[in-house]
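Novice: Once you've had a glance at the structure underneath, I'll fire off some questions.
Since every read-out is calculated from the coordinates, none of them should be taken as a lab result. Bear in mind the structure is a predicted one, so any value in this text is a computation, not a measurement. Methodologically, a virtual Cβ is constructed for each residue, glycine included, from the backbone with ideal geometry; neighbour enumeration extends over all protein chains shown.
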């Protein structure tokens with residue numbers, strides 16, 4: 001392997017880690033193994049701290065491929081709690097309102113989910129990395145400021161209801177870059193004439209890269225020890 005010329009690594013991002021934390025840990029391990037003090041490492045698609053799953057990391061000159069991976073289709077498994085909302089649309093914030101769920105049947109849930117298949121408009125969450133007047137929306141939202149974001153066009157290829165156990169439903173979503181599953185949870189709650197927020201999210205696929213192809217950060221040092229790594233000094237000659 002030649003990490004300066006470029007390598008692409010597949011990881012399972014741990015729950016509660018930021019995407020940057022994973023990049024930083026991998027970079028540190030590479031510094032230690034390769035004996036270098038500088039090496040480009042970047043990720044191809046952010047995952048929220050409260051989400052886990054597939055994260056593609058590009059090393060060295062492979063960072064030029066980040067855009068390529070970012071635009072690939074993604075698949076998620078999401079668990080929604082119906083009948084309650086939060087300001088962040090997930091568990092980051094406390095429940096701020098409750099709604100009835102007695103009218104929601106499995107058949108109604110399946111019917112409403114299909115309304116989101118295809119090209120749709122979605123308003124990103126206020127608690128997101130979108131920028132408002134040069135500032136990150138989540139910083140403004142956490143400071144208690146009102147955040148208004150413009151809707152974005154995205155594509156939902158598939159939505160499948162995997163389980164139904166009120167107040168929880170579990171769904172599989174295949175979608176384009178830029179889709180906020182937290183915002184989708186909000187919109188599904190509204191479509192069901194109730195409310196909803198995201199309680200668990202796993203990214204199971206990016207392009208052709210699936211979760212079973214990914215290593216954990218705990219496995220990385222041992223995996224690295226098993227690789228035949230080209231001398232970076234030789235690469236520079």
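Novice: Which whole number in µm²/s is D for the chain by Stokes-Einstein, with the Kirkwood Rh taken over Cα pairs at 10 °C and 1.306 mPa s? Display every interim value, and only then the final one.
Specialist: Details: Rh = 19.3 Å.
For the chosen part, D equals 82 µm²/s.
Novice: If R₀ is 22 angstrom, what is the calculated FRET efficiency for the pair residue 172 and residue 46, using the beta carbon separation as r and rounding to 0.05?
Specialist: With R0 = 22 Å, the Cβ-Cβ based efficiency is 0.60.
Novice: For the Cα atoms of the chain, what angle does the longest principal axis make with the long axis of helix 181-191, in degrees from 0 to 90, nearest 10?
Specialist: Around 10 degrees separate the two axes.
Novice: Sticking with this structure for a sec: Taking 7 Å along the Cα-to-C-beta vector as the label spot, tell me the residue 226-residue 91 distance in nanometres, rounded to one decimal.
Specialist: 3.2
Novice: For region 1-109, what log10 I(q)/I(0) values come out of the Debye formula at q = 0.18 1/Å, with one point per alpha carbon and no solvent?
Specialist: Result of the Debye calculation: -0.92.
Novice: Take region 74-205, compute every pairwise Cα distance, and split them into 10 Å bins from 0; I just need the percent in each bin.
Specialist: Calculated P(r), rounded to whole percents: 13, 45, 34, 8, 0.
Novice: For the chain, what relative contact order do you get, as a whole percent, if you take Cα pairs closer than 8 Å and at least 6 residues apart?
Specialist: 29
Novice: Related question: Please report the relative contact order for region 74-205, taking Cα pairs under 8 Å with a sequence separation of at least 6, and give it as a percent rounded to a whole number.
Specialist: Here the relative contact order equals 43 percent.
Novice: If R₀ is 30 angstrom, what is the calculated FRET efficiency for the pair residue 32 and residue 136, using the beta carbon separation as r and rounding to 0.05?
Specialist: 0.45
Novice: I want to check the label-to-label distance for residue 163 and residue 65. Put each point 7 Å from Cα in the C-beta direction and report it in nm to one decimal.
Specialist: That separation, rounded to one decimal, is 3.5 nm.
Novice: Taking a temperature of 10 °C and a viscosity of 1.306 mPa s, what whole-number D in µm²/s does Stokes-Einstein yield for region 151-207 with Rh from Kirkwood over alpha carbon pairs?
Specialist: 130
Novice: Separate question: Would you mind ranking 94, 7 by Cβ crowding within 10 Å, fewest neighbours first?
Specialist: Going from sparsest to densest Cβ surroundings: 94, 7.
Novice: What shape does region 63-117 take by its C-alpha gyration tensor, where a ≥ b ≥ c are the square roots of the eigenvalues and a/c under 1.5 counts as rounded, a/b above b/c as prolate, and the rest as oblate?
Specialist: It is oblate, given that a/c is not under 1.5 and a/b is not larger than b/c.
Novice: A further question on this structure: Quick check: pseudo-label points 7 Å beyond the Cα along Cα→Cβ at residue 18 and residue 72, how many nm apart are they?
Specialist: 2.6
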